1. State the volume of the convex hull built on the alpha-carbon positions of the stretch 583-672, expressed per residue in Å³ and rounded to an integer.
2. Just read off the accessible area of K501 with the full protein assembly in place, 1.4 Å probe, to the nearest 10 Å².
3. Expressed in nm to one decimal, what extension gain is obtained for the pair A297 and K514 from 0.36 nm per residue of sequence separation less their Cα-Cα distance?
4. Roughly how much of Y44 is accessible, in Å² to the nearest 10, using a 1.4 Å probe?
5. On a full-extension model of 0.36 nm per residue, what is the gain between E398 and K623, subtracting their alpha-carbon distance, rounded to one decimal in nm?
6. With a 1.4 Å probe and every protein chain left in place, work out the accessible area per residue of the stretch 91-189 in Å², rounded to a whole number.
7. For a Förster distance of 30 Å, can you work out the FRET efficiency between the beta-carbons of I642 and E571, rounded to the nearest 0.05?
8. For an R0 of 30 angstrom, estimate the FRET efficiency from the Cβ-Cβ distance between E593 and I676 and round to the nearest 0.05.
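The values are calculated or read from the model by the stated rules, or taken from the named source; none is laboratory data. None of the values given here were measured: they were computed from a predicted structure. Every residue, glycine among them, receives a Cβ derived from its backbone with ideal geometry; neighbour counts consider all protein chains shown. The accessibility values were calculated without ligands, DNA or RNA, using every heavy atom of the protein model including side chains. Shrake-Rupley method; radii C 1.70, N 1.55, O 1.52, S 1.80 Å.
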Amino acid sequence: MKKVLMISTLLLCSLVSLYSQDSAPEAVQGIIDLSVLGRENGLYPIRGIWGFHWHELLTEIPDIPGEWIKAPGNWASRGNHPARGYGSYTLVIEGLSEGKAYSLYVPEAVSAYRLFINGEEVSSNGRVGTDRKSSIPQFRPESITFSARGMRDEMVLQVSNYHYRKSGIWRNFYIGDPASIANFYTTKIVFASFLIGMMIFVSIYFLSFSFFRREEKAALFFGLLSLVFLFRLLTTGEQLLTHYFPAFPWELARRIEFLPFSLSAGFSMWYFYHLYPVEFNKKILIGYSWLAGALGAALILLPVRFSNYLIIPAEIILAAGLFYSFTVIIRASRERRHGSVIILVSMIALFISVINDILYSNQLIHTIYVSPMGFIFFMVSQSLMLSRRYAYSFRTIEDLTINLKDFNRSLSRFMPFRFFDYLNKDSVLELDSAAQNNITILYADIRSFTTLSEAMSAEENMESMKSFLSNVIPLIREGDGFADKYISDGLMALFPGSPDKALKTAVKLQGAVKDFNRQRHREGHPRLSLGIGLHSGGLLVGSLGSPEKAETSIISDTVNIARSMEKLSTEYGASIIISGNLYESLERPDDFETRKLGTAVIKGKRSPISFHEVLEGLPESLKEIKMKTKPLFEEGLMNYDIMRYEEASALFKRVLESNPDDRAASIYLNLSLDRI
């Protein structure tokens with residue numbers, strides 16, 4: 001807080017310096033001595049006591065003096081004349097060099113003027129009239145050049161005002177050599193243009209930022225605040241709007257000038273609210289917004305000659321909003337909210353500059369308009385603060401992204417991310433629902449695993465399973481599948497693509513088991529035998545469990561059928577058994593050597609399900625003999641199905657004569673003999 005107070009003191013001292021008067025001469029009773037300007041080049045303000053003639057439109061200074069009035073100033077402030085009316089300011093300039101060229105910076109006068117030097121009209125704004133119908137207001141500062149007549153040059157300024165609550169000359173005239181005035185005027189135009197360009201850039205940047213990140217409401221209202229102040233810059237000071245577009249309607253320009261009084265108040269309150277919602281009172285914010293909105297509507301809809309009387313209430317409301325925001329920022333800084341100290345300093349600068357301009361516009365003090373500089377300081381500070389805030393957010397996002405990648409890498413070991421695709425979900429956060437898909441399920445089981453595991457320690461069993469899975473999992477992935485469940489002696493895999501790929505993967509798994517067994521044999525471990533069952537069908541996939549703990553699961557009899565196919569492989573002595581539904585779904589069934597094994601009633605199903613033995617992956621000698629006896633086996637199976645048991649038993653005996661280890665033929669022979 002000490003640093004904030006120190007910076008605030010510096011800002012106050014800077015503003016106080018604006019009140020200090022330099023050594024430039026001042027007009028006394030309508031005469032100003034500029035002998036110093038006649039001796040050297042330079043730039044001097046014209047201020048002091050001018051002559052004034054109420055309800056007279058003069059072109060030359062009359063012999064009869066009028067009254068005396070201070071300029072810059074408002075002729076209505078003394079109470080002698082109403083704000084609406086007309087009159088002529090007169091000033092005698094002494095000490096200029098005869099025949100030398102001088103330039104004059106002429107500010108706007110309220111609200112129309114004609115300027116005469118030595119009886120010759122040299123400048124005008126709008127049209128001076130004696131009533132509202134005959135006068136046309138216009139605000140447009142400019143510079144003019146004239147040739148000095150000698151020791152006494154006369155300046156007469158006709159001013160009429162029927163459209164504004166204040167009148168007269170608000171700002172200093174400046175006189176000097178042409179180069180100094182040109183540089184002075186050009187600097188003002190360039191500086192004002194620079195501020196406007198900066199406002200345009202800031203407005204576009206923050207508004208576009210909020211468009212692409214809708215949740216960043218602070219950026220939205222800061223962009224709107226910058227846009228509103230842009231309007232103010234265009235219509236005050238050097239009046240760039242009418243400088244570049246002289247025909248721009250004065251009435252519309254004043255509405256644009258007045259609008260920021262209400263909009264800036266509302267937008268700034270919403271901006272600070274979205275920065276520090278905890279410290280802000282929402283009810284005050286809503287009430288203030290309605291009040292500012294109603295005032296803004298009046299400033300837009302009413303004619304300027306009426307609406308400009310609302311400026312003082314608007315200034316009070318604006319100051320109240322700034323004061324409340326100031327107290328909010330103080331509370332936020334005490335709580336060490338992010339960026340609150342930067343905002344507090346910029347708020348002090350803005351508050352001082354706005355109060356200065358309010359007092360200056362009401363002719364209570366005689367400084368200059370400094371709110372553009374105050375707002376530029378505020379804008380730059382807020383931009384830095386917001387940029388720092390977003391940079392911090394981006395750094396946080398980058399850190400979270402790195403952590404998320406590491407987390408996903410670990411999570412993928414427990415939950416395959418392709419599972420989300422089949423659920424039509426984008427992330428694990430959406431797994432509460434389920435989705436229906438057609439898919440092939442592969443069920444693999446290590447036969448007699450319990451017996452085999454008894455010969456090994458727990459550590460050897462674990463290492464054996466890890467080694468087994470490390471051999472088979474890559475093959476499943478190559479087949480566009482993924483392992484969904486790991487069971488103590490096997491696994492379940494899902495294949496959403498072609499059933500042909502799932503079946504080819506099953507064949508490769510049997511080949512991998514052969515390679516794995518060779519390694520186990522070298523290590524002195526017994527060989528493994530793998531039974532595989534496959535089935536294709538519809539299923540429901542999703543997550544089951546409680547909100548605290550859940551896991552992916554498949555809810556369907558497709559799993560039961562695939563599991564039953566694996567059990568049948570053990571019963572019938574087959575390495576791979578597929579359901580008839582999967583066999584019919586194969587795109588290229590001729591790529592596989594199979595034989596039909598009959599039908600079976602699966603638990604939970606009323607109708608029997610056909611199944612086939614896949615001969616691919618068997619030892620070549622066994623595959624060859626099963627292919628040789630396939631016609632006899634399938635003929636025997638056909639006779640069995642039509643209850644011709646004697647013919648069936650004879651055929652199965654012939655199969656067993658060629659292959660005594662054909663367990664399927666042995667099963668059907670016994671069944672046929674039992675039914676004779």
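1. Dividing the Cα hull volume of the stretch 583-672 by its residues yields 115 Å³.
2. Answer for K501: close to 90 Å² accessible.
3. Between A297 and K514, full extension yields an extra 69.6 nm.
4. It works out to around 40 Å².
5. 75.3 nm
6. Normalised by residue count, the accessible surface of the stretch 91-189 is 35 Å².
7. 0.80
8. My answer for the efficiency is 0.40.
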